[in-house]
Amino acid sequence: MKHSIAACALALPMIAHAGGIDRLKAFIAGARTAEADFSQTVADKSGRVTQQASGKMAFARPGKFRWDYSTPYEQAIVGDGSRLWLYDADLDQVTVKPLGDVIAGTPAALLAGDDAIEKYFVLKNAGEADGLEWLEATPKTRDTSFERIRMGFKGDVLVQMELFDFFGQRTTLKLSRMVRNPSIAPSRFIFIPPKGADIIGD
């Protein structure tokens with residue numbers, strides 16, 4: 001089950017900004033870099049929680065990001081601008097792929113992507129609930145892991161994403177303690193495989 005924790009993060013689709021989606025536009029325009037804590041929960045179609053994880057994330061637009069999972073397993077997802085690295089500490093295994101092949105399917109693409117992302121999703125405002133302003137995005141292509149995604153904003157800050165897959169599962173990603181536009185060392189987005197780790201891919 002643990003591999004699907006990071007896989008869920010990698011499967012989170014990126015979301016467009018478009019006219020009238022003011023909160024998303026403000027968030028994308030106002031954060032060239034950011035850091036936050038995150039918690040991730042996966043529930044099955046009956047609402048039973050099947051996975052929980054947490055950690056820290058950071059991004060630098062365009063194209064650089066890092067998600068470090070600390071619980072329940074130590075994993076890292078790093079985009080260095082050209083390649084995507086996935087590290088599983090328990091397996092001592094690193095998977096590496098060209099970033100262009102996978103960037104469109106990641107939450108990091110939403111956060112660290114550019115302004116050309118609106119071509120991938122149809123957006124609509126989804127009203128207010130739980131003190132947040134929501135929008136809903138539906139992929140324009142069926143070649144995706146998720147049927148739809150909801151994004152919740154408090155002011156100009158994205159604080160929650162809910163992703164619904166074709167099997168009735170819901171992945172909830174909550175962001176907290178977000179700092180916008182901090183100074184982040186370039187080395188944060190460079191991944192050096194641990195000595196002796198098994199490396200799969202390019």
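The values are calculated or read from the model by the stated rules, or taken from the named source; none is laboratory data. The structure displayed is predicted, hence computed values, not measured ones. Here Cβ is always computed from backbone atoms with ideal geometry, including for glycine, and neighbour counts include all displayed protein chains.
Values computed for the structure shown
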| item | result |
| --- | --- |
| Filter result for the condition that a residue is basic (Lys, Arg) and surrounded by 19 or more Cβ atoms within 10 Å (Cβ to Cβ), over Arg177, Arg150, Arg188 | Arg150 |
| Check on Ser70, surrounded by 14 or more Cβ atoms within 10 Å (Cβ to Cβ) and either farther than 16 Å from Leu24 by Cβ or modelled with pLDDT of 90 or more (or both) | no |
| Residue within the stretch 148-169 that is in contact with a His (Cβ under 9 Å, 6 or more places away or on another chain), aliphatic (A, V, I, L, M) and modelled with pLDDT under 90 present | no |
| Residue in the stretch 129-139 that is modelled with the highest pLDDT, counting only those that are of a type in the set (A, V, I, L, M) and under 20 Å from Gln169 (Cα atoms) | Leu135 |
| Residue in the stretch 140-147 that is at pLDDT 85 or above, surrounded by 18 or more Cβ atoms within 10 Å (Cβ to Cβ) and closer than 24 Å to Gln52 by Cα present | no |
